[in-house]
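Working notes for the structure below.
Coordinate-derived values only; no laboratory data. The shown structure was predicted, so the numbers you read here are calculated from the model rather than taken from an experiment. Don't worry about glycine lacking a Cβ; one is built from the backbone with ideal geometry, like all the others, and counts go over all protein chains shown.
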């Protein structure tokens, strides 16, 4: 019996946290949540996730800063991250201006297509680990 | 020899006559006889002026009296009754004893010259009238950018400023603009155009489209430059409203993406709750749908707020709560930039009538500006932003102070203008304009004090009950 893949959902919107948690848990994943980049880092430290879905615009520590720290950390940089955001320009600007930061493993625009996110998650969690 | 003089007298291209002491014409040349007829026994004023009495100003009489040469401009009537403009010189003719026996009067026809002079004067008057009345600002400047001429509209809006430097009057600054269109025209002789925001003497900000043209000497060298500025403030205001609407729509479309995701999540929970017969999940999903429909409603109202001059949605709100909310929102960002954020709120500031969302936007905008001003300042090792709240019986006052980069006079004066931003590509030029609009919609005002490299203090004064406030004087930073 294989253990469930653990997914960290990072978004400042409680409704979206609830939605993605329900959707992913219904499809056999274990989820835990963070409302900003700071909390997300603590969650990663406490329970290494198999995948992260990340919003960009958040208070306290933004998704961009969290992403940069994740990719700069040798222990965590292999964890696949799917960007799930309504803002495309901000993140694309960030990526193109900092060539040393690798691109995210997945990128999804809100509103989310359920089939698409499930396919992404399935693909990335089976290739990682 | 006498014959030669007589021949010369006859053919000279002017009217020549010899007068005796009674002003009787005793000799006249061919040209005079041709245009004024026979003269025998007649007086000069009869023939020249068609009058029976002597003229009041008679140069011949004066020459008889003082023996000197005299000149005068006169109008004669020729045989056909046509007025002829003449310049008349009188010269004494003396006998061997030196006594004046006659006066020679030489009159040169200057009718054509007078006609051209009149045409030139009329033309100059027309150009002057055009210069004065044209509905734009016109100045003429020398190489040192001194205003040497200005039209009526310019004088009315910018004052009697002849001799002042262009940049002092237009920009209220002590240094030349870079680049300067007038200087460019002096250098290359070409027409240059530039758009500027200038400040009238009453402090009003005016968007102008400036065009410079060289004025040359007859030899072709540029002696001065004419600067014409058309007031395009209304066009810019209209553009600003459209741009503002565009930015808000862009921002709202981003928000709608999030709302659609939440609505989709609510629908998912409702459907999966029904499928699994999970009432709790069904309820949770339905609440999500209801909540997000409410948020869409609010968002649409926000759109209307910016799309037109909507009256603020007034309610009695506690000033401390708004200030604390803004402080809470901005504290994380300040920490991210390593900037200390101090909050000093008068807990007894009380309630005031306001549109809570609009006031929150206003204050966030001011604090974001303060953060930017600190973030780009490399001259200080530590940065501080202080948000203060004070209350008095009639008003509540918010103050946002920072020790960031500060502003020079030009930036200060243009800070509330449409499309003006000192943040290069990072600013839209709308933030302070909208903040000011929100304060005014509440019957209040915003006052800005700033000094380059020292910092900025922005004060917002809002009446507890909405009515228009008059600005008061402020103590220095």
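Numerical summary
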{"read-out": "Exposure proxy order (Cβ contacts within 10 Å, fewest to most) of B:5, B:268, B:137, B:89", "value": "B:5, B:89, B:268, B:137"}
{"read-out": "The range B:41-71-the range B:329-406 distance, computed between alpha-carbon centres (Å)", "value": "90"}
{"read-out": "Shielding score for A:116-122, defined as the mean number of other chain Cβ atoms within 10 Å", "value": "0"}
{"read-out": "The range B:305-397 shape via C-alpha gyration tensor axes, a/c threshold 1.5", "value": "oblate"}
{"read-out": "Likely footprinting exposure, B:211, B:52, fewest C-beta neighbours within 10 Å first", "value": "B:52, B:211"}
{"read-out": "Per-residue [θ]222 nm for chain B (sum of -39500 (n - 2.57) over DSSP H runs n ≥ 4, rounded to 500)", "value": "-13500 deg cm²/dmol"}
{"read-out": "Additional length obtainable on full extension of the chain from residue B:368 to residue B:111, 0.36 nm per residue less Cα span", "value": "85.0 nm"}
{"read-out": "Distance (nanometres) between label positions extended 7 Å along Cα→Cβ at residue B:101 and residue A:68", "value": "11.3"}
{"read-out": "Fully extended contour minus Cα-Cα distance, from residue B:335 to residue B:148, at 0.36 nm per residue", "value": "61.9 nm"}
{"read-out": "Computed label-point distance, nm, for sites residue B:316 and residue B:66 using a 7 Å Cα→Cβ extension", "value": "9.4"}
{"read-out": "Tilt relative to chain B, helix B:356-375 - C-alpha long axis, 0 to 90 degrees, to 10", "value": "70"}
{"read-out": "Degrees between helix B:233-275 axis and first principal axis of chain B (Cα, 0 to 90, nearest 10)", "value": "20"}
{"read-out": "Förster-model FRET efficiency, 22 Å R0, residue B:297 and residue A:109, C-beta, rounded to 0.05", "value": "0.35"}
{"read-out": "Potential lengthening between residue B:278 and residue B:46 on full extension [0.36 nm per residue; Cα-Cα distance subtracted]", "value": "70.8 nm"}
{"read-out": "Exposure proxy order (Cβ contacts within 10 Å, fewest to most) of A:48, B:221", "value": "B:221, A:48"}
{"read-out": "Angle between chain B longest axis and helix B:431-441 axis [Cα atoms, degrees, rounded to 10]", "value": "90"}
{"read-out": "At R0 = 56 Å, FRET efficiency that the Cβ-Cβ distance of residue B:343 and residue B:184 yields, to 0.05", "value": "0.70"}
{"read-out": "Label point distance in nm, residue B:202-residue A:4, each placed 7 Å from Cα along Cα→Cβ", "value": "7.1"}
